Ligand code: ATP
Ligand code: LTN
């Protein structure tokens with residue numbers, strides 16, 4: 001384990017994971033679990049950047065954890081944990097916040113997007129990328145697999161390593177690399193293909209959750225927005241809705257987009273939608289069966305959470321100790 005590169009990634013506990021998350025994130029995470037020392041966590045502290053009902057949040061954390069496992073993340077070979085179980089995340093986040101220029105945070109486009117349609121904007125939403133940097137740097141991660149939407153946050157994380165080294169010297173924090181998978185790096189909303197599919201979208205027609213019933217999946221894909229043309233072709237500019245469906249099809253079937261377009265020559269969009277819905281239902285069937293099983297046994301999930309946390313804590317505590325030494329804080333005896 002020691003010589004394997006360290007991978008770290010997480011997803012915020014808001015809504016249920018969507019096929020966008022699966023295609024852009026967990027599908028890549030899964031492929032990395034053999035080759036790397038992987039750390040995957042559920043970002044519950046990040047979820048608090050928007051108001052949450054406490055009971056629903058607690059339930060969602062269990063559900064999210066079960067969704068990770070159901071998607072094929074293996075808790076034996078990887079470290080799978082809940083962010084808030086490792087208090088070092090919040091501690092390092094504060095220390096990094098004091099190193100982050102306001103100007104760098106002001107540039108974050110995700111904050112601009114999210115704050116433009118939220119009434120009560122809290123400071124956590126603004127400093128969110130710093131907590132994300134702490135998540136990464138605590139584990140000395142080499143590689144961080146994320147979707148295209150996280151590119152800017154990764155840049156900030158890398159900038160923070162440089163700022164740290166300028167102030168405190170080298171050797172404490174490792175410079176991480178983002179890994180942004182190519183195919184399907186950005187799955188778009190089903191009703192508005194100009195924005196990304198997001199699990200916290202208020203309109204549930206915009207996304208397919210990995211635990212949606214087959215009926216719901218079929219309905220959502222059937223009603224996905226497409227143009228009024230009838231020829232199936234891949235054109236991101238002129239036919240963004242169709243391009244999105246073709247992308248999802250291509251990733252899940254592992255067929256090239258060109259081959260899929262050929263298969264639908266002379267056929268209507270409706271045929272493609274029906275087949276895509278079937279493909280999504282089939283892909284998610286084993287995931288949903290495993291999920292249902294796991295959710296019946298919360299004690300077991302809790303045991304796995306505790307096991308994951310005790311593995312994660314070792315690396316996190318080690319980094320935090322060095323951080324205390326660098327900054328001049330007295331490390332607790
Ligand atoms: P939220 O709606 O709460 O912002 P989200 O659906 O955008 O959630 P995150 O928790 O922010 O999901 O992201 C988890 C991972 O999934 C990240 O690596 C992110 O890049 C990836 N991801 C999220 N949405 C998509 C998408 N539409 N296409 C591809 N990857 C995505
Ligand atoms: N901000 C991320 C979720 C996240 C994350 C991380 C991803 C929180 N901390 C650390 C990678 C590494 C998002 O995808 N919204």
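Assorted remarks:
- Principal-axis analysis of the Cα atoms of the chain puts helix 54-70 at an angle of about 70° to the longest axis.
- Span per principal axis, largest first, for the Cα atoms of the stretch 109-189 (Å): 41, 34, 17
- Full-stretch length increase - residue 311, residue 289 - with 0.36 nm per residue and alpha-carbon distance subtracted: 5.1 nm
- Binning all Cα-Cα separations of the stretch 13-146 at 5 Å, short to long from zero, yields these whole-percent fractions: 2, 9, 18, 20, 22, 17, 9, 3, 0.
- Crossing angle, helix 151-168 versus the chain [Cα axis fit, 0-90 degrees, rounded to tens]: 10
- Separation of the residue 265 and residue 223 label points, Cα + 7 Å toward Cβ, nm: 3.5
- Shape summary: the stretch 30-109 maps onto an equivalent ellipsoid whose semi-axes, from the alpha-carbon gyration tensor, are 26, 19, 12 Å in decreasing order.
- Tail fraction, Cα-Cα pairs, the stretch 209-333, threshold 26 Å, whole percent: 50
- Using the rule -39500 (n - 2.57) for each DSSP H run of four or more residues, divided by the residues of the chain, the 222 nm mean residue ellipticity is -16500 deg cm²/dmol.
- Cα-based helix-to-principal-axis angle, 240-253 vs the chain, degrees rounded to 10: 80
- The value given for the chain is a Kirkwood hydrodynamic radius of 21.0 Å, derived from the mean inverse Cα-Cα separation.
- For the stretch 266-317, the fraction of alpha-carbon pairs in successive 10 Å shells from zero, as %: 20, 24, 21, 18, 11, 5, 0
- Kirkwood analysis of the stretch 1-50, using all unique Cα-Cα pairs, places the hydrodynamic radius at 12.0 Å.
- Förster radius 45 Å - calculated FRET efficiency between residue 233 and residue 113 (Cβ-Cβ, nearest 0.05): 0.90
- Considering only alpha-carbon pairs that sit under 8 angstrom and 6 or more positions apart, the relative contact order computed for the chain is 23 percent.
Every read-out reported here was derived from the displayed coordinates using simple, explicitly stated rules and does not represent laboratory data. Just so it is clear, the model here is predicted, and its values are computed rather than measured. Heads up, the Cβs are rebuilt from the backbone with ideal geometry, glycines too, and the neighbour counts pull from every protein chain shown.
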